[in-house]
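To start, the structure under review is shown below, and the notes come after it.
The values are calculated or read from the model by the stated rules, or taken from the named source; none is laboratory data. Source: prediction; values computed, not measured. Here the Cβ positions follow ideal geometry from the backbone for every residue, glycine too, while neighbour counts run over all protein chains shown. Note: accessible area is taken over every heavy atom of the protein model, side chains too, but ligands, DNA and RNA are not part of it. Shrake-Rupley method; radii C 1.70, N 1.55, O 1.52, S 1.80 Å.
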Amino acid sequence: MAQILAPTTQWQMRITKNSMTPSLVTTKTWSSLLLKQKKSGNTKSLSKFRVYALKSENNTINRLENLLNLDITPYTDKIIAEYIWIGGSGIDLRSKSRTIPRPVEHPSELPKWNYDGSSTGQAPGEDSEVILYPQAIFKDPFRGGNNILVICDTYTPAGEPIPTNKRARAAEIFSNQKVINEVPWYGIEQEYTLMQTNVQWPLGWPVGGYPGPQGPYYCGVGADKSFGRDISDAHYKACLYAGINISGTNGEVMPGQWEYQVGPSVGIEAGDHIWCSRYLLERITEQAGVVLTLDPKPIEGDWNGAGCHTNYSTKSMREEGGFEVIKKAILNLSLRHKEHISAYGEGNERRLTGKHETASITTFSWVVANRVCSFRVGCDTEKQGKGYLEDGHPASNMDTYVLTSSLAETTTLWVVTLEAEALAAEKIALKLLVKKAQLH
């Protein structure tokens, strides 16, 4: 993201009764996804979309179309809630649906639910029940109406977070008063790669071959440069419909690779919004017949990997004198470099090689403007003496609950000895101008 702006009030995760009911965001699917607005009607109907089922071999529209587009609102107060949670791998998403008696405004109005954790790699067969706690709600762009998507985290029947529930620990950190007072903002740049279904090769690439070298594809336009724009656009609109604080999208350096940005988001909201946006992307690629991968290095060789650069700031960083606070934060982060790297995604060592716009995974560095470093500070931040920093470490498959809470904990809560600070400052050539009394 170019800069951190004021956060949205959407982070409160509420759906108000008085908000206008948007029209259904849907898709027409054959060999790839295509969204088309209805041609009939006046200009007010431009926001209307329809779901079309897969075309059969004889080119007739499947009869499921009518049911997929059926609006149940005039006939019942009941809604459909899609409960979404993170599976056993820590990156896969699972979901199932249930009927709720009436529309809701807040996740606290929703019942807890359960599932078979032995089927998701999260519990043994002899004690397999895992409990879903609703934590955030979004409007459902696939079903429309008052139907909702529900981001959940996972617990044992005794109420203990299971090992793959990273949200619970993040919520503890973000509920600390010191962190609350600092109002941490996040702007997350999620990269992803689209793959052909049967051959596991990037979309737009010749099967078993390679396209031309990188250069023309980043933000490129044209059939020979942009592969999957319809999916990116469909996802963009679906996120806006759902209430996700998406702020932009673009084609990436490697063909078949895309990025979207979410934020600025406050605290735990960042994780909820990214995970819901990933769910939407999985569903849209499912409809398109395209495979989504968050592998940080999907293609070996002279091709860019996929990351999740994270822009971060606290209230103190955004105020006068904030640049010195940023440098103090970078110092703290340098002392916990290994801990952060270990939490920033699987397979990240294949991406962070010091090549293809990355820093080496084994070294810590920071600099103004240069993208080939661990942490980058923008020119405007240095010039204005306040702003934000950008963490270039995270892989595209990182858990945003871990990432965001780790940044807040290390820069706001972690206490460092003066001796350790001095050694770290010398090592990374930082000159701290704040007084010792302000360091703790």
(message) Rounded to the nearest 10 Å², what accessible area does K225 have for a 1.4 Å probe in the complete protein model?
(response) 70 Å²
(message) When a/c reaches 1.5 or more, the comparison of a/b and b/c decides; with that in mind, is region 347-410 rounded, prolate or oblate per its Cα gyration tensor?
(response) oblate
(request) Under 30 Å between C-alpha atoms is the cut-off here; go through region 232-373 and count lysine pairs that meet it, provided they're at least eight residues apart or on different chains. (result) 11
(request) Can you list which of the chymotrypsin sites (Phe, Trp or Tyr not before Pro) found in region 75-152 are DSSP loop residues with at most 16 other C-beta atoms within 10 Å? (result) Y75
(request) Please work out whether region 110-201 counts as rounded, prolate or oblate from its C-alpha gyration tensor, where a ≥ b ≥ c are the square roots of the eigenvalues and a/c under 1.5 means rounded, while otherwise a/b larger than b/c means prolate and anything else oblate? (result) rounded
(request) Starting from region 71-122, pick out the GluC sites (Glu not before Pro) whose DSSP state is loop and whose Cβ has at most 14 other Cβ atoms within 10 Å. (result) E105
(request) Note down the Stokes-Einstein diffusion coefficient of region 158-258 in µm²/s, whole number, using a Kirkwood radius over alpha carbon pairs, 10 °C, and 1.306 mPa s. (result) 94 µm²/s
(request) May I ask you to list the aspartates and glutamates whose Cα is less than 17 Å away from that of K78, ignoring any residue fewer than eight positions away on the same chain? (result) E105, E109, D140
